[in-house]
Every structure is written in C-alpha cells, then in structure tokens.
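Undergrad: What follows is a structure written as structure tokens; I'll ask about it next.
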Amino acid sequence: MTDRKDSSLKLHTKFAGCDIRWYKSLDSTNNKAKELAGEDAPHGLLVAADRQTAGKGRIGKRWESPEGRSVYMSLLLRPDLKPVSASMLTLVAALAVAAALREVGNTECFIKWPNDIVINKKKVCGILTEMDSRQNRLNFVVVGIGINVNEKKFPDAIREKATSLLLATGQRTARNRVIQAVMEHFEIYYEKFMKFKSMETLIGEYNEQLINCGRQVKIMERARTFTGTALGIDSSGALQVEMTDGIIQSVSSGEVSVRGLYDYI
Ligand code: BTN
C-alpha cells in the first residue's frame, strides 16, 4: 500500500483537502479516514484511493470501486455540531458535488435526496456519511464520496441506473480536477451551513436541484413503506412528503431508501 501526496493536485481551500493522503488501494476510504481520525488527524483531511476492495454504499450495500477511473474519497470533519445534525453534511456534500460536476463537466446535474447525484436520470455519485459520537458529543464525521468519472461500463446489476461523467458528457475528465472542484465548492457550502448549523440558508438552492421535487416517491424505512409526493427539504434536511390524504410526513435521512414509483427517480 502506498501513501503518497498527489503533487499535481492544487487546492485553493482553507481546510478541505489541504492535507491529502492518497493510497493505491484501500478496503474503504471511509474506514481509513476513521482510523486516521482516531490518530488525531486534522479537520479537512482527505483520504483518496485509486481503488477500493470493499467500498461501502448506504444501507449495507457495496460500492463498486475498480482501479483508476473514478473518485473514491473521504473527508474528515470535526465540526462543532450535535450528532443529530451530522447527517445534514451529506446534503451539503451533495450540493458541492453537483456544483463541481456542473463546473468540470459542463452538464446538467441534479440531486436525488438524500445522497445521490444524478445526470440524465442516472446516478453518477453516491455519498456515505459516517460519524463517531459519545454522550451527545460529536467526535468526528467522515463524508465518503464516490464519483463515477471515466467509467465506460457498469456491472449488469447497476447498468440501468448508473452513469459516469464520461458517459454523460463524452469527455474524459482528470480525477484531480473533479476532486479539486468538489473540495472548493464543499468549503463554501460548509461555511454557509455552519453559520446556522442547519440547511436554513441552503434550502432554496437544494430544492431547485432536487430531482424528486413534485414527483411521486416510495419511501422505504425500516418499519414502514409509503408513497406520496416529494415537496422538498426543510431546514433540518428532512424530506417533506405529502400523502394522498394531504398529511405531510417528514422523512429523515438514515436507514431510508427513496425510489420513484416506477423507476430509480
Ligand atoms: C451510496 O450511494 O450508497 C453511497 C456510496 C458511497 C461510496 C463512497 S466511495 C468513497 C467512500 N468510501 C466508501 O467505502 N464509501 C464511500
């Protein structure tokens, strides 16, 4: 396993990605970031890998992580936040990735609540946020971001719903450029978020990009499944869903899966 700093990666940020550890191969960049967090690694440390052997997706799923064509990275954060607020950082990261992909790919890009970035109705990025807390004190948060950059083919199981920046735009993009843009946008959104420690100032921008907005969605939580119309997020980042009887349910991210009634969107 190599541990090298990528010298061609130039970040104009105050903290996000100022310290980068780049590995040839890791089981999961989230696992490595958590390990380094336990060794007092600083706020803003970015762990990236050329491939992951056990990339983790949400709700116990795997994240396909073949060598060298995509971005697998995890940002370590030590925010002054209550543990209950940490999941909003997924939404902050989603805004940053969407802005970054628009910038580097010159393409339309949407957010599928809570953690998918979508181009041409297909998933190009997933975000997995993990945290460590004790007695209502947040120790650290790891925001793991997987972006399909130059991938040409996907396994059969996800082919219908996955895309890459290359497939969407017809152009290869340097992974460094994508990482740089995500870190720069993340820092801006993070500062806005931390002002009120809520999505308050970001709701409008988020809902404008929310591909589920106004659509029929199926919500699958651990204990219940229901359908309704997605209205947008509130200041806590919860998705507001209007049921057929007019009652509005607030759905928090976590162990929840959101689908269109008939397909992925
Ligand atoms: C999802 O959509 O299910 C979330 C996928 C998150 C994948 C990224 S890749 C980098 C980081 N390391 C992991 O093991 N997972 C996240």
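The values are calculated or read from the model by the stated rules, or taken from the named source; none is laboratory data. Quick caveat: nothing in here was measured; it's all calculated off a predicted structure. We place every Cβ from the backbone using ideal geometry, glycine too, and count neighbours over all the protein chains shown.
Undergrad: Step by step: first the residues of segment 102-139, then only those that are away from the ligand (no atom under 16 Å from the Cβ) and of a type in the set (Gly, Ala, Ser), then the one that is farthest from Gly57 (Cα to Cα). Which residue is that?
TA: So the residue we want is Gly105.
Undergrad: Among the candidates Thr29, Thr53, single out the residue that is surrounded by fewer than 17 Cβ atoms within 10 Å (Cβ to Cβ) and among the hydroxyl-bearing types (Ser, Thr, Tyr). Before the answer, list the steps.
TA: On the way: Thr29 fails: surrounded by fewer than 17 Cβ atoms within 10 Å (Cβ to Cβ).
Among Thr29, Thr53, only Thr53 is surrounded by fewer than 17 Cβ atoms within 10 Å (Cβ to Cβ) and among the hydroxyl-bearing types (Ser, Thr, Tyr).
Undergrad: Given the conditions (1) in a loop (DSSP other than H, G, I, E, B); (2) within 13 Å of Gln209 (Cα to Cα); (3) at pLDDT 95 or above, which single one is not true for Val149?
TA: Unmet condition: (2).
Undergrad: Same structure, new question: For Ala98, are the conditions met, namely being touching a Phe, Trp or Tyr at 6+ places or on another chain (Cβ under 8 Å) and small (Gly, Ala, Ser)? Walk me through it before giving the result.
TA: Details: touching a Phe, Trp or Tyr at 6+ places or on another chain (Cβ under 8 Å): yes; small (Gly, Ala, Ser): yes.
Considered against the rule, which asks whether it is touching a Phe, Trp or Tyr at 6+ places or on another chain (Cβ under 8 Å) and small (Gly, Ala, Ser), Ala98 comes out as yes.
Undergrad: Could I ask something else about it? What number goes with the only condition from (1) surrounded by fewer than 22 Cβ atoms within 10 Å (Cβ to Cβ); (2) under 24 Å from Met199 (Cα atoms) that Leu167 does not pass?
TA: (2)
Undergrad: Right, another one. Within segment 19-38, is there a residue that is at positive phi and touching a residue at least 12 places away in the same chain (Cβ under 8 Å)?
TA: Let us first name the residues in segment 19-38 that are at positive phi, namely none.
Checking segment 19-38: not a single residue is at positive phi and touching a residue at least 12 places away in the same chain (Cβ under 8 Å).
Undergrad: Quick check on my filter: what residues within segment 108-137 are over 24 Å from Arg69 (Cβ atoms), surrounded by fewer than 20 Cβ atoms within 10 Å (Cβ to Cβ) and touching a residue at least 60 places away in the same chain (Cβ under 8 Å)?
TA: Glu130, Asp132
Okay, residues lined up against (1) charged (D, E, K, R); (2) over 23 Å from Ile20 (Cα atoms):
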| site | (1), (2) |
| --- | --- |
| Ile111 | no, yes |
| Ile117 | no, yes |
| Lys121 | yes, yes |
| Arg134 | yes, yes |
| Val143 | no, no |
| Ile147 | no, no |
| Lys153 | yes, yes |
| Thr163 | no, yes |
